[in-house]
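Single-structure report; data block below.
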2 protein chains.
Amino acid sequence: MSGPGCPTRCCSFPAVQKRLPVLRWLPRYSLAWLQLDVIAGATVGLTVVPQALAYAEVAGLPVQYGLYSSFMGCFVYCLLGTAKDVTLGPTAIMSLLVSSYAFHDPVYAVLLTFLSGCVQLAMGLLRLGFLLDFISCPVIKGFTSAASITISFNQVKNILGLQGVPRQFFLQVYETLRRIGETRAGDAVLGLSCLLALTGLGAMKSGLGRAAGAEPLCTRVSYCIVWTSATARNALVVLCAGLLAYSFQVMGCQPFTLTGRIPRGLPAFRVPLFSKVTHNGTVPFSRMVQVGAASDVLLPSASQNDYRIEPNQELLAMGLTNLLGSFVSSYPVTGSFGRTAVNAQTGVCTPAGGLITGALVLLSLAFLTSFFYYIPKAALAAVIICAVTPMFDAAIFRTLWRVKRLDLVPLCVTFLLCFWEVQYGIVAGVLVSGLLLLYAIARPPMKVSTQGELVVQPGSSLHFPAAEYLRDTVCKHLQAAPTPGSVVLDCRHVSSVDYTAVLGLAELLHELRKQGLALTLCGLQVPSRPGSCCWHRHRRLLWRPNCTRATQHLESGLPPGPAATCCIS
Amino acid sequence: MSGPGCPTRCCSFPAVQKRLPVLRWLPRYSLAWLQLDVIAGATVGLTVVPQALAYAEVAGLPVQYGLYSSFMGCFVYCLLGTAKDVTLGPTAIMSLLVSSYAFHDPVYAVLLTFLSGCVQLAMGLLRLGFLLDFISCPVIKGFTSAASITISFNQVKNILGLQGVPRQFFLQVYETLRRIGETRAGDAVLGLSCLLALTGLGAMKSGLGRAAGAEPLCTRVSYCIVWTSATARNALVVLCAGLLAYSFQVMGCQPFTLTGRIPRGLPAFRVPLFSKVTHNGTVPFSRMVQVGAASDVLLPSASQNDYRIEPNQELLAMGLTNLLGSFVSSYPVTGSFGRTAVNAQTGVCTPAGGLITGALVLLSLAFLTSFFYYIPKAALAAVIICAVTPMFDAAIFRTLWRVKRLDLVPLCVTFLLCFWEVQYGIVAGVLVSGLLLLYAIARPPMKVSTQGELVVQPGSSLHFPAAEYLRDTVCKHLQAAPTPGSVVLDCRHVSSVDYTAVLGLAELLHELRKQGLALTLCGLQVPSRPGSCCWHRHRRLLWRPNCTRATQHLESGLPPGPAATCCIS
């Protein structure tokens, strides 16, 4: 259905539009859209700058790398993105993954960016986006919920002002609790205040309705102020904390742990350094693929925003962002759930909003780095905690208990293993859900009725792992209650049969004949195209799909006996 | 259905009988059975002795190890076996596997026996026999066909009398062809004569009918002679070749390559040597599991012999044979297709025939080793080639082309990779067939009808990899041909839905509502037990399985619109 495009049409205008979605919206661009895009872009910019500084800390990199990673995605997505509100950039989860792979060395992180960009581009070009279908919702939920807890707890040390706490989650919990007495009062007070402020402003934001046009000016102005400060709350809180720290610095005492000196200016445009890494041989192929795949897991679904994204095109956009980003010292980026939501709520119309965001990031790199020195780490920690807390979904456990209990298995496996290592959790979750799928194929539901004839109705198609099971089911029921007439196999739910299952059916037929029983296949589906039905001339088990009642022959040296008949419904 | 037995009944007599099938047939044992069992046991013994010597050569071990491996299975299977005619012992394929793992050193081979016995016992006790369901018929056929070619070609060097030909298949073909000029005339003539004799006697055997009782005595005696020589043709040919070689030896010239000196007597009963192997650390866990799993692949199916085997019980018998066998210097054994067929054709009645076979093997170890010195290698090569040729199934390619073309993929992958390394071929084949299964789940057949309403009928249950695909299918058809009424999802073939698929349905419903369309689910199956249906209270998508017509609510903040209804058929 969704095969690769026809080669004769690959250079047509719709095909180019599909690859460069900017061509769809740019000709229709209007001034009204520009206004909304500028507001949305600026709002996202005010969110991304403090978050970028904070996430770099999660990734274990110097804070400027967060900003280096934040602008390329805006520009690339503007050209290649299919969704108007998705924003690519540093995210909490990707930072967590980078921290475990990059060994706190920017050179590794940049090389990872380059490699995961290559993997994503290759997946997009080879149309491997369908692989993402095999990551089920429980796995994603388990992963994001665990990551939310891990990342939040990772920041507790910054709020408490503790130094030298290990990265591993369990060690971190132990060490943080053990050294809780060493808490620095200034950091703790500031961190908690920032948390309170962010939570309060966030609650205000969600409580805020839309301003009606008919209200008096002062109401509208105050609404506007409240709305702006609630939407740009991250920037506001970080700004206030920074000013506070600056005042203390001027007064000669500093109760807060500060971010410290940041090199000013834009990153140099240069080829990622391979020599150092390949020399040590520490980034094997499996790691690139893991990071590439992990970033794909984070492909944000834009379905809640009234349109569908095209996974392969998104992979292309993300891959190109990472590939180009690696030339400007970016660490791997992906779609940000939080900023995408901010973008949508602010009313963005086209991906052009990203241009404003990108420009803001570049401007802050050029002019604000000396201010960043004074940002307290506790304030950034508060920003991170508020960003990742919504990713924790406690209700999913209750929901799955009610909806489908079996899905709790991949959820719990992923959730628990993610505390050990995030990537192990994802891999284990995908494997477990794959095994559950295979189990469903190997043991399809069998509806058995023993009134008069033995009627067995498989609940799904017959694939090879179920061949033995079908025979066992029939034989067991025949042993339990011998049937005088024939055995009926109701194939109404069977849309395909493979060779091993055909052999199993032939053997069943053979066994039944020895007991003097006939096997009737009923409800066979007429195949929509020839060849998709199962023909088995080897042992003369013929299903004739184009007559209403076909006889099945099994003539390979068997004595004449009751024939198996199959009727096509 | 086939869960582990109820704990309260595990010590009852039927449960003990299930574990020790000997208790089923021993009380009913009769003199008539004894006669047939003795004949069958002796016939299998006359087959197994020359084959054992030959297969040890395939495994790259001294020939006496073939005999050491041949008797334990007979005794253990007599107690634990479920099938009357299955014989456990050295086989061509297992010898091929051993040759690639044991590095031509008996110590490694014996340790492999011990370890694969442990793996098999564990699988049998943990009831993991169902894992064998995931090895499809095309994979087994590809594997045995490739092994048949590899093993046959492996013996060409012995027929030609070439020395020092490498083990790897492609190198072997190259080297054999390059050095074909060095062929030793004596070996070649003897080998080809043996091949001809074996083929002729084999053809005679299959052409031979059963002797009727009313014929004159001389006819019956001649029939008996022909039948015996045809059935015990391996022993006959090896005996003749050995006598010929002995005559030449006595005359002072020796045109044949001989087997050489074999230590006389039974193997010592001793614990397998761990020290040498663990010291070098060359048999990692993965290899044990590989050999254990490979021997399970060879679990012979006794279905053609009018009864069913119980995979877990067979695993127990095979595991115990290997475990005990490792104490008498056996290399890994498995069920032999060829000797099982001989056993069945000779009319064996119970596994007691194995006792005769085992006794024959022990007697030849005790008294015949000095004769084995004179057996020409070319004669053993002819025995092997005749034993493995029937395993090559050329017709399978044509059959699969007609029955199910997709199954050609695992067949060809297994077949071709097995020439590189047998174990890689099996693993790749199992992976490919697993991926094809997952693909079938991810892209279930969708029957779409666009006359009037858009009716979409998934051909199987909805699992998470298909969630996006279902939405895409509906959306694509809606784009191509906008529907005025509602969209109907015909769920008659859907027997289960998982959480991710429910979310996909909820999103589809959401999208359709925005287009003013309703979504009707029809043909829902009433679940056989509560909880197996899919309840989704999270977003108020309720399927009420216990009323004939249920309304589906989606109230999570959506504007009122055409409701989705679902009717349970």
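What the table shows:
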{"item": "Added length on full extension, which subtracts the Cα-Cα distance from 0.36 nm per residue, B:C475 to B:F13", "result": "160.2 nm"}
{"item": "Nm distances between copies for B:E182, ranked from closest, using label points 7 Å along Cα→Cβ", "result": "7.3"}
{"item": "Stretch gain in nm, segment B:A185-B:V107, where the contour uses 0.36 nm per residue and the Cα spacing is subtracted", "result": "24.5 nm"}
{"item": "FRET efficiency estimate (nearest 0.05) - Cβ-Cβ, A:M204 to A:S247, R0 25 angstrom", "result": "0.45"}
{"item": "Simple label model, 7 Å out from Cα along Cβ direction - B:F392 to B:L273, nm", "result": "3.8 nm"}
{"item": "The stretch B:311-362 - convex hull of the alpha-carbon atoms, volume per residue in Å³", "result": "99 Å³"}
{"item": "For B:463-475, mean number of other protein chain Cβ atoms within 10 Å", "result": "4"}
{"item": "Protection proxy ranking, peptides B:119-127, B:361-369, B:217-225, average beta carbon neighbours within 10 Å, highest first", "result": "B:119-127, B:361-369, B:217-225"}
{"item": "Proxy reagent accessibility, fewest Cβ within 10 Å first, across B:Y424, A:Y331", "result": "B:Y424, A:Y331"}
{"item": "Other-copy label distances relative to B:V448, 7 angstrom Cα-Cβ extension, nm", "result": "4.0"}
{"item": "Two-site FRET efficiency, A:Q515 against B:R24, from Cβ-Cβ distance with R₀ of 22 Å, rounded to 0.05", "result": "0.60"}
{"item": "Convex hull projection area averaged over all views, the stretch B:1-133, Cα basis, nm²", "result": "10.0 nm²"}
{"item": "Contour minus Cα-Cα distance for A:Y373 and A:L36 (0.36 nm per residue)", "result": "118.1 nm"}
{"item": "Kirkwood Rh in Å, taken over the stretch A:319-402 so that all alpha-carbon pairs contribute", "result": "16.2 Å"}
{"item": "Stokes-Einstein D (µm²/s) once Rh is taken as the Kirkwood radius of the stretch B:92-163 over alpha-carbon pairs, at 37 °C in 0.692 mPa s", "result": "225 µm²/s"}
{"item": "Residue-averaged beta-carbon neighbours from other chains (10 angstrom radius) around B:430-438", "result": "3"}
{"item": "Residue mean of other protein chain beta carbons inside 10 Å, A:124-133", "result": "2"}
{"item": "Distance violations [Cα-Cα > 31 Å] among B:K141/B:K476; A:K18/A:K205; A:K514/B:K18; A:K157/A:K404", "result": "B:K141/B:K476; A:K18/A:K205; A:K157/A:K404"}
{"item": "Against the rule of thumb 2.2 N^0.38 Å, how large the Cα Rg of the stretch A:386-530 comes out", "result": "1.45"}
{"item": "Most to least packed among A:20-32, A:82-94, A:457-469, B:192-204 [average Cβ atoms within 10 Å]", "result": "A:82-94, A:457-469, B:192-204, A:20-32"}
{"item": "Rg in Å to one decimal, and Dmax rounded to a whole Å, for the stretch A:123-269 via C-alpha atoms", "result": "21.4, 60"}
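Computed from the coordinates by the stated procedures, all read-outs in this text should not be read as laboratory data. Because the structure is a prediction, the values reported are computed rather than measured. Every residue, glycine among them, receives a Cβ derived from its backbone with ideal geometry; neighbour counts consider all protein chains shown.
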